[in-house]
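Student: One structure, as structure tokens, below. Some questions next.
The values are calculated or read from the model by the stated rules, or taken from the named source; none is laboratory data. From a predicted model like this one, the values you see are computed outputs, not experimental measurements. Note: accessible area is taken over every heavy atom of the protein model, side chains too, but ligands, DNA and RNA are not part of it. Shrake-Rupley method; radii C 1.70, N 1.55, O 1.52, S 1.80 Å.
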Amino acid sequence: MKEFLNFAVFGVYPYIALATLVLGSVLRYDKDPYTWKAGSSQLLRRKQLVLGSVLFHVGVLVIFVGHLVGLLTPIWIFDALGISHSAKQMLAIVAGGIAGVAGIIGATLLIHRRFFDARVRASSSFSDNLTILILWVQLALGLATIPVSLKHLDGHEMVNFMNYCQGIFTFNFQASSYIIDASPIFKAHMFLGLTILLLFPFTRLVHMLSVPVRYMWRPGYQVVRSKKKRT
């Protein structure tokens, strides 16, 4: 049963999440491009928004790039550069820890602003509220993995995660076996990360993929008020 659940969650679910991410994003951009944006409430409680937004976005960006490079770079490249597994592990702990703290402080400020300012709360959608809460939990889970990582400074656990992630992208259907004995906190962090990818096309997170090039040729639209007489 343990092997089956591990395969279902970490061997099959990643492909469902990734397929939904790609197809959902393409369909949304094609069918409903005017919703491809991040709604702004910057005129409300601006100072807290700026501070929280900067900390959150910088923290998340550093974490994202770190995960992308750290997990998907072939192991032989690190070996060729003379970067030991233990050194890479420490770098991930230190850099990821600093970025994670910055990100969760920023997310906390944004959540406080969104839920405790009546005007901001009124202009927020359920999707916006759910998204920031999920991201806060994901950042918290990421920070919670640090004490576990400190017990594996030889880098062996890190190599298992690298083999797993690279196995997913090379369609190695035995990839999930690399993490079958991983700590539950790591598995919770990974499962929520996959769920975020699954939800990505249906939330404001799609603005992360935006480069405003299409605005140069996209036809504009005009808001027209009705002149119907009130009865």
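Student: For Lys31, Lys2, Lys187, give me the order by solvent-accessible area with a 1.4 Å probe, most accessible first, ignoring ligands, DNA and RNA.
Tutor: If we order Lys31, Lys2, Lys187 from most to least accessible, we get Lys31, Lys2, Lys187.
Student: Ile105: accessible area at probe 1.4 Å, nearest 10 Å²?
Tutor: The accessible area of Ile105 comes to roughly 80 Å².
Student: By the gyration tensor of its Cα atoms, with a ≥ b ≥ c the square roots of the eigenvalues, what is the shape of segment 49-109: rounded for a/c under 1.5, prolate for a/b over b/c, or oblate?
Tutor: Prolate is the answer for segment 49-109, as a/c is 1.5 or above and a/b outweighs b/c.
Student: While we're looking at this one, here's another question. Could you put Met1, Met190, Met90 in order of accessible surface area, largest first, with the 1.4 Å probe and the full protein assembly present?
Tutor: Listed by decreasing accessible area, they come as Met1, Met90, Met190.
Student: Leu51 accessible area, nearest 10 Å², 1.4 Å probe?
Tutor: Near enough 100 Å² of accessible area.
Student: When all protein chains stay in place, what accessible area (Å², nearest 10, 1.4 Å probe) is found for Trp136?
Tutor: Roughly 90 Å² of Trp136 is accessible to a 1.4 Å probe.
Student: Counting only protein chains, not ligands or nucleic acids, how are His85, His156 ordered by accessible area (probe 1.4 Å), most first?
Tutor: From most accessible down to least: His156, His85.
Student: Now for a separate question. If eta is 0.692 mPa s and T is 37 °C, what Stokes-Einstein diffusion coefficient results for segment 78-221, Kirkwood Rh from Cα pairs, in µm²/s?
Tutor: Estimated diffusion coefficient is 183 µm²/s.
Student: Any chance you could tell me what percent of the C-alpha pair distances in segment 54-160 go past 21 Å?
Tutor: Within segment 54-160, distances greater than 21 Å cover 44 percent of Cα pairs.
Student: For segment 42-161, with every protein chain kept in place, what is the accessible area per residue (1.4 Å probe, Å²)?
Tutor: Per residue, segment 42-161 has 57 Å² of solvent-accessible surface.
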